Amino acid sequence: MRCFASITLCLTALLAFTPAVLADVTADPSRLVLNETTRAGQINVHNSGGHTLRIKTLWAAIAQGPNGILHPAEVNPVLPLTHNLQMWPGDFILKPDETRPLYVMLPPKAPVLGEQHVHIRINADRVNGKGPRWGLSLPVFVRETGMPVTAQIIQARKGGPQSVLVNLYRKGGATPYGKLVATTMQGQVLGELGNITLYADQKPIQYEIPLDLMPRAHETILVTYLGSGEFENQVFDVQETH
């Protein structure tokens, strides 16, 4: 099982179908990146509630809106990647406070060309049949090692008295993942927004950074798109605004 320990990890959930405070099921890590040498990963699914759950896993596609929000687009999509990737178990019982591993594997002879991605959808239903369904989704990326990121900040401007609006854009390359940070020119952090992923290719995506500290009148604000996870501390782009 050593191959599972080498998977690139990120601990930020990308999509939940119910509010996090109500969810009885969590997954750690919530992001997998496979490549030519790292072809397997493990996701630990945990029941944090007080009811026994039936867990079902399936592949899903997502769509990203112009405001960055992710929407379920298709269940069991017909994608080349889903023909190659193997995931198990597909159905299991999870008792309260119990954790079970979910395995994902790309066969040794499956090609790795460019980048492809698909989401794992995890549905959780109470075994007694009472109560709501909980669900979450997490991405699996299969990409060539060292693929460049082409993310750009195409516009940054004040969106109100306590926010900065940022338009991002990417043209091919690896899907970036990270956070937007607003600082003064001296490096003081004014605000930041995490879990920034650009699934949409060649389409502008807008995010709003809430400011915890207010800049002085006419002070220059520096907006940085900073990588996380497998892109830890990589600077994708920087832009000034007033």
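Residue pairs whose Cβ atoms lie under 7 Å apart, separated by 6 or more positions or on different chains, with the first residue in region 218-233 and small (Gly, Ala, Ser) and the second surrounded by fewer than 20 Cβ atoms within 10 Å (Cβ to Cβ) and modelled with pLDDT of 95 or more, are GLY227/GLN234; SER228/LYS179.
Please verify whether LYS56 is more than 13 Å from LEU138 (Cα to Cα), modelled with pLDDT of 95 or more and not assigned by TED's automatic domain parsing to the domain that holds LEU165, treating the condition exactly as stated. Yes; evaluated as a whole, the condition is true for this residue. Within region 187-198, track down each residue that is touching a residue at least 24 places away in the same chain (Cβ under 8 Å) and assigned to a loop (DSSP other than H, G, I, E, B). Residues satisfying the conditions are GLN188, LEU198.
When region 199-237 is examined, which residues are found to be assigned to a strand (DSSP E or B) and exposed (fewer than 14 other Cβ atoms within 10 Å of the Cβ)?
VAL235
Among the residues making up region 171-180, a single one is surrounded by fewer than 20 Cβ atoms within 10 Å (Cβ to Cβ) and either over 23 Å from ARG143 (Cα atoms) or at pLDDT 95 or above (or both): LYS179. If I filter region 39-46 for residues that are crowded, with 18+ Cβ neighbours inside 10 Å, modelled with pLDDT of 95 or more and part of a loop (DSSP other than H, G, I, E, B), do I get at least one hit? There is at least one residue in region 39-46 that is crowded, with 18+ Cβ neighbours inside 10 Å, modelled with pLDDT of 95 or more and part of a loop (DSSP other than H, G, I, E, B). The condition (being under 30 Å from LEU102 (Cβ atoms) and either touching a Ser or Thr at 6+ places or on another chain (Cβ under 6 Å) or not in a strand (DSSP E or B) (or both)) is satisfied by just one residue among PRO139, PRO132: PRO132. For the criterion of being surrounded by fewer than 19 Cβ atoms within 10 Å (Cβ to Cβ) and either more than 24 Å from ILE221 (Cβ to Cβ) or modelled with pLDDT under 95 (or both), GLY114 passes. So which residues in region 168-184 are of a type outside the set (Lys, Arg) and either not in a strand (DSSP E or B) or not assigned by TED's automatic domain parsing to the domain that holds ALA200 (or both), if there are any at all? Once the filter is applied, which keeps residues that are of a type outside the set (Lys, Arg) and either not in a strand (DSSP E or B) or not assigned by TED's automatic domain parsing to the domain that holds ALA200 (or both), region 168-184 yields GLY172, ALA174, THR175, PRO176.
Looking across region 74-96 at every residue that is assigned to a loop (DSSP other than H, G, I, E, B) and out of contact with any His (no Cβ under 8 Å at 6 or more places or on another chain), the one that is nearest to ASN128 (Cα to Cα) is identified as LYS95.
The values are calculated or read from the model by the stated rules, or taken from the named source; none is laboratory data. Here the structure is a predicted model, which is why all the values come from computation and not from measurement. So basically every Cβ, Gly included, is an ideal-geometry build from the backbone, and we count neighbours across all protein chains shown.
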